[in-house]
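Asks: My questions all concern the structure below.
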Amino acid sequence: MIDPINVQILAAILFGLGIAVVLTRRNIFFTLMGIELLLNAVNLSFVGFSRTFPADAGSITGIVAPLFVIAIAAAEACVGLAMVISLVRGRNTLDTDAYAGMRE
Amino acid sequence: MLTVYFWLFSLIAVLCGFSLLTARHPISAAVSLIGVMLAISGIYGLLDAPFLGIAQILVYAGAIMMLVVFVIMVLNSAKDRTTPRGSSYSWIGLPLGALMSIVIIAGVGRSAEALTADPDAVQGTAQNIGRSLFTFSGDAATGWYVLFEVVGLVLLAAMVGAVVLAKRSLSSIEADEPAEGAH
């Protein structure tokens, strides 16, 4: 039997890695992939916690919720990549600092 | 034996995560991320959630990462050598990520004794998940059915949004067609 605390530690490490990728890297694709890594870490945490409850306490929730997260991540990747395509076709660079003017 | 597989998958996931952080090209980063996702789906299998592991491989490692690699290749950015890894101020993200990990581990570690694996936990098989998703009444959570339909609407809206975004960028290329809106 796997110790649940180890699953949580692994999820926390992957979450920290995702945060580092999103905040550090300047390529647009790395930012998007960092977000996917964050979502994966949270899913792993959900499933790890679902193993610590008995079935009648609703531990199926910890397995159904990641399914919805996966569906929303698919929608997010779809729209995000379409935005990347339309951005890069206009400015022809992948550097996120080139799009800092979008806030004005 | 289960523990050995768990440590193996954990090692693969963390190493591929570091590879994602330090990769030079987006394609190698995408391959690293696929490695992370495959390792995590293996851990799902070890945690008695086989359906979720299969959905992870199908949707994440299959569909989403295929889309990402496809767009990277369409934009020809695998040859991009000009975008730096990070700027002098964006390296603050590394200690912030490490701090995030440490804070979460410390918070969860405070309740490490209460976190014990329950042998009565539900198996994440397709049967149990389907029963929980599609039953209106009974002891299953009834809110999932409505949520499931709403997720279908969200996916439809995302598809329409992606088509609209791609169409605008195409019509701005064709000069003979009057541009709709300011570009």
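The values are calculated or read from the model by the stated rules, or taken from the named source; none is laboratory data. Just so it is clear, the model here is predicted, and its values are computed rather than measured. Counting neighbours? That spans all protein chains shown, and the Cβs are built from the backbone with ideal geometry, glycine included.
Asks: Mind telling me which of the residues A:91, A:51, A:26 ends up being more than 7 Å from chain B (Cβ to nearest Cβ) and of a type in the set (D, E, K, R)?
Replies: Residue meeting the stated conditions: A:91.
To keep it simple, each residue is scored yes or no on (1) in contact (Cβ under 8 Å) with a residue 60 or more places away in the chain; (2) basic (Lys, Arg); (3) facing chain A (nearest Cβ under 7 Å); (4) within 30 Å of residue A:91 (Cβ to Cβ).
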position: B:28; (1), (2), (3), (4): no, no, no, yes
position: B:39; (1), (2), (3), (4): no, no, no, no
position: B:59; (1), (2), (3), (4): no, no, yes, no
position: B:64; (1), (2), (3), (4): no, no, yes, yes
position: B:71; (1), (2), (3), (4): no, no, yes, yes
position: B:86; (1), (2), (3), (4): no, no, yes, yes
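Matching residues to (1) in the same structural domain as residue B:29 (by TED's automatic domain parsing); (2) modelled with pLDDT of 90 or more; (3) closer than 29 Å to residue A:12 by Cβ; (4) surrounded by 15 or more Cβ atoms within 10 Å (Cβ to Cβ):
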position: B:75; (1), (2), (3), (4): yes, no, no, yes
position: B:90; (1), (2), (3), (4): no, no, yes, yes
position: B:124; (1), (2), (3), (4): no, no, yes, yes
position: B:146; (1), (2), (3), (4): no, no, no, no
position: B:150; (1), (2), (3), (4): no, yes, no, no
position: B:158; (1), (2), (3), (4): no, yes, no, yes
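Asks: Taking only segment A:54-71 into account, find how many residues are touching a helix residue (DSSP H, G or I) at 6+ places or on another chain (Cβ under 7 Å) and more than 7 Å from chain B (Cβ to nearest Cβ).
Replies: 3
Asks: In the list A:49, A:30, which residue meets the criterion of being in contact (Cβ under 8 Å) with a residue 24 or more places away in the chain, aromatic (Phe, Trp, Tyr) and part of a helix (DSSP H, G or I)?
Replies: Result of the check over A:49, A:30: A:49.
Asks: When residue A:95 is evaluated against the numbered criteria (1) free of Cβ contacts under 8 Å to residues at least 40 places away in the same chain; (2) surrounded by fewer than 19 Cβ atoms within 10 Å (Cβ to Cβ); (3) more than 24 Å from residue B:10 (Cα to Cα), which criterion, by number, is the only one it fails?
Replies: Tallying (1) free of Cβ contacts under 8 Å to residues at least 40 places away in the same chain; (2) surrounded by fewer than 19 Cβ atoms within 10 Å (Cβ to Cβ); (3) more than 24 Å from residue B:10 (Cα to Cα), residue A:95 fails exactly one: (1).
Asks: On to the next question. Within segment B:162-180, is there a residue that is modelled with pLDDT of 85 or more, touching a Cys at 6+ places or on another chain (Cβ under 9 Å) and either more than 10 Å from chain A (Cβ to nearest Cβ) or surrounded by 15 or more Cβ atoms within 10 Å (Cβ to Cβ) (or both)?
Replies: There is at least one residue in segment B:162-180 that is modelled with pLDDT of 85 or more, touching a Cys at 6+ places or on another chain (Cβ under 9 Å) and either more than 10 Å from chain A (Cβ to nearest Cβ) or surrounded by 15 or more Cβ atoms within 10 Å (Cβ to Cβ) (or both).
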